[in-house]
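Quick notes on the structure that follows.
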Amino acid sequence: MQRVMLLGLLLSLLLSSCGSSKSTVVPEEGITSGIEENRDYEVAASRLNSPWAMEFSGESTYVSERDGYIVKINGSETTRQTVNLNRPVSQLSESGFLGFVLSPDFKNSNLAYAYHSYQEAGAMMNRIVKLEERDGEWHEIEALLEGIPGNIVHDGGRLAFGPDGMLYATTGDAGQGELAQDLNSLAGKILRLTPTGAVPEDNPFPDSYVYSYGHRNPQGLGWDQTGRMFSVEHGPSGEPGGHDELNLIEPGGNYGWPNMIGDETEEGMKPPLYHTGDNTLAPSGMAIDEEGYIIVAGLAGEKLVRLTPEGEKAEVLLEGEGRIRDVRFYNGRLYVITNNTDGRGTPREEDDRLLKLKY
Ligand SMILES: [Ca+2]
């Protein structure tokens, strides 16, 4: 009961902070509560170190950790697996071992893909590698793409396979906004690769991995049942701040960073479906349910938010667990990883945790 009252207080604060907005995409009622009183969860794993992405296969869950490990969870058994890479992981602030996705044929091939930061001639870079699970460890077998601009912040890092069988990767602007508009740079983009690391013949720009551009720091990717592609990205820091975005991603689309934020418009640039106005959610992972509702993990916002398919309305599904890094559906349950151990959160004894929720 106390939790409900606290929630009401929080919501009224939220409402008062954005009630005067005239925006067309920030819901006038702000973020409402969709928390069910019986939304309990199981803790599927605890004491993870700065977890970033999660994947599932059969009874196993795999969680990437930013300092370069993969934790394999199988029932009550948790194993921290070594990842043998040809270039060492560089883990500073937001960089490190980030995206991780199992190959669609993982059960037969034992292959997976990872996105991680490394140092090259004194500069932070990011690379996408193919890994194989063998004898309880992971081994790099091939680098697909290297030299993606990096920094201690704005490294993007999400990997996902699309319904077209292609590998998609989000990259950040590496702290240099102008790179997001430069089609010759891999920064501030969503990239599309074949599973062997080649440029697909039907990419929107000739001989280029770039699928969409004008992104600041996208970290969430997903497709609905009709094949529409969505991404969430972090809005600007400082003044005005906030303005985190949900975008409908189309091939060759320019999503406006750093030229425009929020409801601003510019010829040839696509506005977001939804943005958070002056509020900060700091979205990382996302998941889409069977009806097209979009569930977004909020870091600084410390909540799990569900958006309607067109972004007209937002509601809180979970809060009080600290920062949330990633969210995924598997076998009808909603899985969430917290992100309280990377120096920006307030970890509790069991952090970070993998939570399994009813949905
Ligand atoms: Ca934008």
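What does the helix-only formula give at 222 nm for the chain: each DSSP H stretch with n ≥ 4 adding -39500 (n - 2.57), the total divided by the residues, and the result rounded to the nearest 500 deg cm²/dmol?
Using -39500 (n - 2.57) per qualifying helix, the result is -1500 deg cm²/dmol.
Just report the Cα centroid separation between segment 224-271 and segment 131-162, whole Å.
Here the two parts' Cα centres lie 25 Å apart.
Compute the relative contact order of the chain as a whole-number percentage, counting only Cα pairs closer than 8 Å that sit 6 or more residues apart in sequence.
Reported as a whole number, the value is 14 percent.
Using alpha carbons only, how many angstrom separate the centre of segment 37-107 from the centre of segment 284-344?
Cα centres, segment 37-107 to segment 284-344: 17 Å.
Calculate one ³J(HN,Hα) per residue across segment 232-245 by plugging θ = phi - 60° into the Karplus curve 6.51 cos²θ - 1.76 cosθ + 1.60, and present them in order as whole Hz with x for glycine and proline.
With the stated coefficients, segment 232-245 comes to 10, 9, 6, x, x, 8, x, 9, x, x, x, 6, 5, 10 Hz.
If you build a Gaussian network model of the chain, linking Cα atoms that sit under 10 Å apart, which residue out of A123, A53, A314 swings the most?
A123
Could you tell me what % of all Cα pairs in segment 25-357 have separations over 30 Å?
Result for the distance tail: 28 percent.
Once amide H atoms are placed 1.01 Å from N in the peptide plane, what residues at a sequence separation of 5 or more from T276, or on another chain, have their amide H within under 5 Å of its amide H?
When sequence neighbours closer than 5 places are left aside, the close amide H contacts are H243, D244.
Considering only Cα-Cα distances, which of the following residue pairs are longer than 32 Å: K107/K313; K270/K358; K189/K313; K107/K189; K270/K356; K189/K358?
With Cα atoms farther than 32 Å apart: K107/K313; K270/K358; K270/K356; K189/K358.
Could you go through segment 125-137 in sequence order and give the Karplus-derived ³J(HN,Hα) for each residue, using 6.51 cos²θ - 1.76 cosθ + 1.60 with θ = phi - 60°, rounded to whole Hz, and x for Gly and Pro?
Working through the residues one at a time gives 9, 10, 9, 10, 10, 9, 10, 10, 8, 8, 6, x, 10 Hz.
Using θ = phi - 60° and the Karplus form 6.51 cos²θ - 1.76 cosθ + 1.60, what ³J(HN,Hα) does each residue of segment 307-315 get, whole Hz, x for Gly and Pro?
9, 5, x, 9, x, 6, 9, 10, 9
Readers should treat all values here as calculations from the given coordinates under stated rules, not as data from a laboratory. Here the structure is a predicted model, which means the values were calculated and not measured.
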